[in-house]
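For reference, the structure is listed below as structure tokens.
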Amino acid sequence: MVAVVGVGYSGFNSTTPDLSWKEIMYEAAVRAYTDAGINPRRDVDSFVTCAEDIYEGFAIFDEFVPDQLGAVVKPTCTVSGDFLYGVATAYMQIRSGLADIAVVEAHSKASDIQTFGNVVKFAMDPIWLRNIGNAHPYYLAALEMFQYMSERCLGEEDVARVVVKNKNNALLNESAPYAANVTIDDVMASPKLFDPMKKMEIAPLADGCVVFVLASDKVARELTDSPVWVKGVGWWSETYGYDTASLSAMYAYKAAKMAYRMAGIANPAKEVDFAEVDDRFAFKELQHIEALQLAGKFDSARLMAEGYFDRDGALPVNVSGGSLGVGNLLECTGGQKALEVVLQLRGEAGKKQLSDVETGVAQAWRYLPTHSGAVAVFGV
């Protein structure tokens, strides 16, 4: 078994002009090591950083992380993917015997990116997709949203409810810069940027960093009396192109199926107490809830309207405020989701603390233009 024995984070903020990405990494790492009660130079066997060079602006990112993580002359590698892919990598390193303690880091310094849309567009297929006029790549998400709404017979209000829930949940989160007391009317009045997608249905960019310390069963029990166990991990990638993808969040379904199998979960809707899912476009929360089998294929919008996924509902989803409240943290998105799950299971979630929770799920999509995602199941 593998456990999370230490967590640390820096942020989350809409912009951090006074801090470099190295400084926010250092702050999160120091907090994680203090939480775990370890010395990284002496105790950690492996460091995993999750970063995408196209966001960072330079290549071979792991060469730039040892100093602030305490990883000088230690095994260090970069996973070009979301934080949850890093958790899966560290999990495998520990289970295989390569490490007793492994550290996972992911961050976002999105405020340094001056032309985010163009950066995302540059990652697309250069023949069929990148050169479609001067359109912003979010038009692809809008097309997927339109297809999803059509297949599920949803109205625009059904998607707006996700924004209302998450932004209001975020009011209890001190680290949610985009928290707001909003109504469905507010969301409906928001301008359409990419029909049918409205401005308020797109998570704004944010800065921050999350660091986890993972340990083997034996070491975890020596370090803490309250480990949070990594019960299961899963990941999956579909085709890289929107022109050939299924547009049905198959990555989330396949990743969840793998994670649930490892965790011994047969009926997620009954056995999962709460979840943090990727909501960087509001419709994606409904889509991901279904893909994670937390609701039936045509039930998520109805249950959302009934309050089933509210913080005081039967199965709370995104009590942190999600990305709509916290912000789009790029490759750290899954880190924010996993952090909230771990803090909830440790009873350290503050004003947003849920009662009687033992099993939580974190899920993240790798964002445009990919169809890749990862899922982690945590428990006590």
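Summary table below
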quantity: Rounded to 10°, Cα long-axis angle of helix 250-263 versus longest principal axis of the chain; calculated: 40 degrees
quantity: Segment 50-94 shape via C-alpha gyration tensor axes, a/c threshold 1.5; calculated: oblate
quantity: Additional length obtainable on full extension of the chain from Ser237 to Ser20, 0.36 nm per residue less Cα span; calculated: 75.0 nm
quantity: Percent of alpha-carbon pairs separated by more than 16 Å within segment 1-129; calculated: 65 percent
quantity: Sites excluded, chymotrypsin sites (Phe, Trp or Tyr not before Pro) in DSSP loops with at most 13 other C-beta within 10 Å, longest stretch of the chain; calculated: 129-297
quantity: 15 Å beta-carbon shell around Arg366, net charge (K/R +1, D/E -1); calculated: -4
quantity: C-alpha long axis of helix 138-152 to longest principal axis of the chain, angle in °; calculated: 70 degrees
quantity: Per residue accessible area of the chain, 1.4 Å probe, in Å²; calculated: 39 Å²
quantity: Exposure of Val103 as accessible area (Å², to 10), given a probe of 1.4 Å and all protein chains; calculated: 0 Å²
quantity: Extension gain, Ala269 back to Lys74 (0.36 nm per residue minus Cα-Cα distance, nm); calculated: 66.1 nm
quantity: Local net charge near Ala376, Cβ-Cβ under 9 Å (Lys/Arg +1, Asp/Glu -1); calculated: +2
quantity: Tilt relative to the chain, helix 156-169 - C-alpha long axis, 0 to 90 degrees, to 10; calculated: 30 degrees
quantity: Selected from Val319, Ala220, Pro66, residue furthest toward positive end of dipole (the chain; charges at beta carbon); calculated: Ala220
quantity: Extension gain, Arg42 back to Tyr139 (0.36 nm per residue minus Cα-Cα distance, nm); calculated: 30.1 nm
quantity: For segment 1-113: relative contact order, % (alpha-carbon pairs under 8 angstrom, 6 or more apart); calculated: 32 percent
quantity: Fluctuation leader among Ser320, Ser175, Ser96 - the chain, Gaussian network, Cα springs under 10 angstrom; calculated: Ser96
quantity: Relative contact order (percent, whole number), segment 284-380, Cα cutoff 8 Å, 6+ residue spacing; calculated: 16 percent
quantity: Taking all pairs of distinct alpha-carbon atoms in segment 297-362, Kirkwood radius in angstrom; calculated: 12.7 Å
quantity: Share of alpha-carbon pairs per 10 Å distance bin for segment 110-188, given as whole %; calculated: 16, 28, 36, 19, 1
quantity: Asp185 versus Phe298: modelled label distance in nm, points set 7 Å from Cα along the beta carbon direction; calculated: 3.2 nm
quantity: Two-decimal ratio, the chain, of alpha-carbon radius of gyration to 2.2 N^0.38 Å; calculated: 0.92
quantity: Cα lying deepest toward the dipole's positive end in the chain, options Val120, Tyr367, Tyr242, charges on Cβ; calculated: Tyr242
quantity: Whole-percent carbon and sulfur share, accessible surface of the chain, 1.4 Å; calculated: 51 percent
quantity: Simple Cβ-charge dipole of the chain, Lys/Arg +1 and Asp/Glu -1, about Cα centre, in debye nearest 20; calculated: 400 debye
quantity: In segment 300-380, GluC sites (Glu not before Pro) in a DSSP loop with at most 16 other beta-carbon atoms within 10 Å; calculated: Glu348, Glu358
quantity: Computed helical MRE - 222 nm, the chain, DSSP H runs ≥ 4 contributing -39500 (n - 2.57), nearest 500; calculated: -10500 deg cm²/dmol
quantity: Separation of alpha-carbon centers, segment 292-337 and segment 62-116, rounded to whole Å; calculated: 26 Å
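The values are calculated or read from the model by the stated rules, or taken from the named source; none is laboratory data. All of these numbers come straight from a predicted model, not from anything done at the bench. Using ideal geometry, Cβ is built from the backbone for each residue, glycine included, and neighbour counts are taken over all protein chains shown. These accessible areas exclude ligands, DNA and RNA; they are computed on the full protein's heavy atoms, side chains included. Shrake-Rupley method; radii C 1.70, N 1.55, O 1.52, S 1.80 Å.
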